[in-house]
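Q: Sending over a structure as structure tokens; questions will come in a sec.
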Amino acid sequence: MTASPSKLAILTFAYVSLCVQFIFTVGFNHQVHHSNFRPSPTIRLRATTQVRYIQIRPGAQFKIALFADLHFGEAASTEWGPLQDENSIKVMNTVLDDETPDFVIYLGDVITANNIPIANASLYWDQAISPTRNRGIPWASVFGNHDDAPFQWPMEWFSPPGIPEVHCPATSSAHSGEEECSFKGTGRLELIRNEIKHNVLSFSGNGPRDLWPSVSNYVLQISSSHDPRSPVAYLYFLDSGGGTYPEVISSAQVEWFQKKSQEINPNSSVPEVIFWHIPSKAYKKVAPKFLIHKPCVGSINKESVAVQEAETGIMKLLVKRPSVKAIFVGHNHGLDWCCPYKKLWLCFARHTGYGGYGNWSRGARILEITGQPFTFRSWIRMEDGDVHSEVVFS
């Protein structure tokens, strides 16, 4: 059933209490009173190529936690929904306390926008990043297929005439009139703009405007502890669409990656790691049939790979680059394996959030990068503290 936008009304909800944001100075280690806190790496902007970089702490490895498919805000009108968000917070708190990572990556479907009946979905986005932000850990995010999906009104919210009951804000507020209080949703651009504007520790990027229909396309540099100008690895983030956009990595994005990688890593001498949300079709080619056997590594293989709608050349380009070590995706909650594909590895994260489908145990994939000499390995940390599925990427 569909109602015209002018008749749709915002349902009033108890807004999520936003965690108090700490103001940190860029370029210094951040001090937070927490039992398992360790100083964050140095954060600066490399002006020559406009690639932001994070410097590895002297004598340490660079550890990254991947949080995938949190689905905050799902079924917010029920008792079940907010409880799932609380459970997701607990998972992230446990992983962050156990692993004390230097960096966190939110690997898509941070929120379930098609179930969020408020215009400002950033309230739920802020809640999702709060465990990382409150510890003074820098992070980056990439969009999934639910982060700005069109809103779908649950049938039980409709009155007999077929129109949801009107609950507009008071006329004294910033909103007035039925048109202003009807649900309009929160798009990718607004979500990423709010994250960057209000969080000095966010390393997320908008990406060039000509990469429509995608938004979160950017690259970060992991720098040597001895020289911030000396890269140890490059992390590339690509928006695989979904929601209000086609589920593809477009040819424009392929061209962007080719130009950017040639600009900052022309000889492929620096290792590169790639992150997006929806698996490419190559994942289906290497997927284990039943149980996970070597050379694949993982613990669950409970569903078929749900892939992007089309291929426009990104996999061909990545396979040709000897510097590309691995691709990490989310999307499939019942998969957590890594499998080799030609000269690189294709990996799933672990379903972190209690929102979304599936009852498999929650956890997070951990990545660890060491420079001089370069080593790169990964494992999965579970909510109950268990560690498994370690893989070393050659």
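The values are calculated or read from the model by the stated rules, or taken from the named source; none is laboratory data. Everything numeric in this text was worked out from a predicted model, so none of it was measured. Heads up, the Cβs are rebuilt from the backbone with ideal geometry, glycines too, and the neighbour counts pull from every protein chain shown.
Q: Could you tell me whether S299 is among the hydroxyl-bearing types (S, T, Y), over 28 Å from S361 (Cα atoms) and in contact with a Ser or Thr (Cβ under 9 Å, 6 or more places away or on another chain)?
A: Working: among the hydroxyl-bearing types (S, T, Y): yes; over 28 Å from S361 (Cα atoms): no; in contact with a Ser or Thr (Cβ under 9 Å, 6 or more places away or on another chain): yes.
Answer is no for this residue.
Q: In addition: So, V324, is that one touching an Asp or Glu at 6+ places or on another chain (Cβ under 9 Å), within 28 Å of S268 (Cα to Cα) and β-branched (V, I, T) or not? Write out each step before concluding.
A: Numbers: touching an Asp or Glu at 6+ places or on another chain (Cβ under 9 Å): yes; within 28 Å of S268 (Cα to Cα): yes; β-branched (V, I, T): yes.
So V324 passes the test.
Q: Further question on the same structure: Counting only residues that are surrounded by 13 or more Cβ atoms within 10 Å (Cβ to Cβ) and free of Cβ contacts under 8 Å to residues at least 40 places away in the same chain, which one in the stretch 381-394 is farthest from the chain's Cα centre (by Cα)?
A: V387
Q: So, one more: For the stretch 195-247, give me each residue that is part of a loop (DSSP other than H, G, I, E, B), among the charged types (D, E, K, R) and over 19 Å from the mean Cα position of the chain (by Cα). First the steps, then the outcome.
A: So the first thing to find is which residues in the stretch 195-247 are part of a loop (DSSP other than H, G, I, E, B), and the list is 199-201, 203-208, 212-217, 224-230, 238-241, 243-244, 246-247.
Filter again for among the charged types (D, E, K, R), leaving 227, 229, 239, 247.
Within the stretch 195-247, D227, R229 qualify.
Q: Another question about this same structure. Quick one: V95 ticks every box in (1) more than 22 Å from T244 (Cα to Cα); (2) touching a Leu at 6+ places or on another chain (Cβ under 9 Å); (3) of a type outside the set (K, R) except a single one, so which number is it?
A: Result: V95 fails condition (2) only.
Q: Condition first: of a type in the set (A, V, I, L, M, F, W, C) and free of Cβ contacts under 8 Å to residues at least 40 places away in the same chain. Now tell me which residues in the stretch 310-334 satisfy that. Write out each step before concluding.
A: The initial filter retains those residues of the stretch 310-334 that are of a type in the set (A, V, I, L, M, F, W, C), namely 310, 314-315, 317-319, 324, 326-329.
Scanning the stretch 310-334 gives M315, V319.
Q: Quick one: is I116 of a type in the set (A, V, I, L, M), touching a residue at least 40 places away in the same chain (Cβ under 8 Å) and over 19 Å from R350 (Cα atoms)? If you could, list the steps in order and put the result at the bottom.
A: Numbers: of a type in the set (A, V, I, L, M): yes; touching a residue at least 40 places away in the same chain (Cβ under 8 Å): yes; over 19 Å from R350 (Cα atoms): yes.
Taking the combined requirement at face value, the residue satisfies it.
Q: Which residues, counting only those in the stretch 84-113, are in a loop (DSSP other than H, G, I, E, B) and of a type in the set (G, A, S)? Before you say what the answer is, go through the steps one by one.
A: Initially, the stretch 84-113 is screened for residues in a loop (DSSP other than H, G, I, E, B), giving 100-102, 108-110, 112.
Result: G108, single match.
Q: Moving to a separate point now. For F72, are the conditions met, namely being aromatic (F, W, Y) and either out of contact with any strand residue (DSSP E or B) (no Cβ under 6 Å at 6 or more places or on another chain) or under 17 Å from H146 (Cα atoms) (or both)?
A: Yes: the conditions hold for F72.
Q: Pull up the stretch 49-80, narrow it to residues that are of a type in the set (V, I, T) and part of a loop (DSSP other than H, G, I, E, B), then point me to the one that is nearest to V329 (Cα to Cα). Walk me through it before giving the result.
A: In the first step, residues of the stretch 49-80 are kept if they are of a type in the set (V, I, T); the result is 49, 51, 54, 56, 64, 78.
Next, only the ones that are part of a loop (DSSP other than H, G, I, E, B) stay: 49, 56, 78.
Numbers: T49: 27, I56: 24, T78: 30 Å.
Among residues in the stretch 49-80 that are of a type in the set (V, I, T) and part of a loop (DSSP other than H, G, I, E, B), the one nearest to V329 (Cα to Cα) is I56.
Q: A further question follows. For the stretch 296-394, please list each of the strands (runs of 3 or more DSSP E) lying entirely inside it that holds at least 1 residues being under 13 Å from V286 (Cβ atoms) and of a type in the set (F, W, Y).
A: Values: elements: 324-329, 338-341, 344-348, 363-370, 375-382, 387-392.
Ranges flagged: 338-341, 344-348.
Q: Has the stretch 254-268 got at least one residue that is closer than 15 Å to Y236 by Cα, among the aliphatic types (A, V, I, L, M) and under 22 Å from the mean Cα position of the chain (by Cα)?
A: Yes, that holds for at least one residue.
Q: If we keep just the residues of the stretch 204-219 that are surrounded by fewer than 23 Cβ atoms within 10 Å (Cβ to Cβ) and under 19 Å from I129 (Cα atoms), which is modelled with the lowest pLDDT? Give the derivation first.
A: Within the stretch 204-219, the first condition is being surrounded by fewer than 23 Cβ atoms within 10 Å (Cβ to Cβ), and the residues that meet it are 205-213.
Remaining after also requiring under 19 Å from I129 (Cα atoms): 205-206.
Working: G205: 92, N206: 84.
Across the stretch 204-219, the extreme among qualifying residues is N206.
Q: Then there's this: For the stretch 306-332, give me each residue that is modelled with pLDDT of 95 or more, of a type in the set (A, V, I, L, M, F, W, C) and either closer than 21 Å to Y106 by Cβ or out of contact with any strand residue (DSSP E or B) (no Cβ under 8 Å at 6 or more places or on another chain) (or both).
A: Scanning the stretch 306-332 gives A306, V307, I314, M315, L317, A326, I327, F328, V329.
Q: Tell me which residues, restricted to the stretch 162-203, are crowded, with 16+ Cβ neighbours inside 10 Å, at pLDDT 90 or above, touching a strand residue (DSSP E or B) at 6+ places or on another chain (Cβ under 7 Å) and not polar (S, T, N, Q).
A: E195, L201, F203
Q: Just a yes or no: is a residue in the stretch 366-380 more than 24 Å from V232 (Cα to Cα), in contact (Cβ under 8 Å) with a residue 24 or more places away in the chain and touching a Gly at 6+ places or on another chain (Cβ under 8 Å)?
A: So the first thing to find is which residues in the stretch 366-380 are more than 24 Å from V232 (Cα to Cα), and the list is none.
The answer is no; no qualifying residue exists.
Q: I would also like to ask the following. Which one of these does Y283 not meet: (1) in contact with a strand residue (DSSP E or B) (Cβ under 7 Å, 6 or more places away or on another chain); (2) closer than 30 Å to C296 by Cα; (3) without any contact (Cβ under 8 Å) to a residue 40 or more places away in the chain?
A: (3)
Q: For the stretch 260-276, state whether one or more residues are part of a strand (DSSP E or B), over 19 Å from A140 (Cα atoms) and aliphatic (A, V, I, L, M). Full working, then the answer.
A: Residues of the stretch 260-276 that are part of a strand (DSSP E or B), as a first pass: 272-275.
So of that shortlist, the ones also over 19 Å from A140 (Cα atoms) come out as none.
Scanning the stretch 260-276, I find no residue that is part of a strand (DSSP E or B), over 19 Å from A140 (Cα atoms) and aliphatic (A, V, I, L, M), so the answer is no.
Q: Working only within the stretch 316-369, note down all residues that are buried (at least 24 other Cβ atoms within 10 Å of the Cβ) and among the basic types (K, R).
A: R350, R362, R365
Q: Take V254 and tell me if it is farther than 19 Å from F376 by Cβ and either in a loop (DSSP other than H, G, I, E, B) or in contact (Cβ under 8 Å) with a residue 24 or more places away in the chain (or both).
A: Numbers: farther than 19 Å from F376 by Cβ: yes; either in a loop (DSSP other than H, G, I, E, B) or in contact (Cβ under 8 Å) with a residue 24 or more places away in the chain (or both): yes.
For V254, the condition - farther than 19 Å from F376 by Cβ and either in a loop (DSSP other than H, G, I, E, B) or in contact (Cβ under 8 Å) with a residue 24 or more places away in the chain (or both) - is met.
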